[in-house]
1. How far is it, in nm, from the label point at residue 98 to the one at residue 61 when both lie 7 Å from their Cα along the line to the Cβ?
2. Run the simple label-point estimate for residue 75 and residue 106 please: 7 Å along Cα→C-beta, distance reported in nm.
């Protein structure tokens, strides 16, 4: 379990409970922790990634949008070829707009060919 960078920012900068980082914060800390600026107030915005990151030889490196989307496309195609459309699933959010949920399910059914679609609307 990773610890927040220091006791002064624990729980404010990295999304921690006590000294444990939450999963998304842990991933962000491992990826770009040393590059993030310290945040001293909740009203200060967090720094945003300006370019996509791709993993190469176990390390994240900046990439162009064309390279990143090309990599995702290649991985999707390889997974479809190897495991078929049932290897994919989509979980949609009830807080999204109807149009966004429609586009997501349309993508899954037409581009991927899978009916593995669920949402938190029914819970």
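1. Result: 4.7 nm between the two label points.
2. A separation of 2.6 nm, rounded to one decimal place.
Values in this text are rule-based calculations from the coordinates and carry no lab data. Here the structure is a predicted model, which is why all the values come from computation and not from measurement. For neighbour counting, all protein chains shown are included, and Cβ atoms are generated from backbone atoms with ideal geometry for every residue, glycine included.
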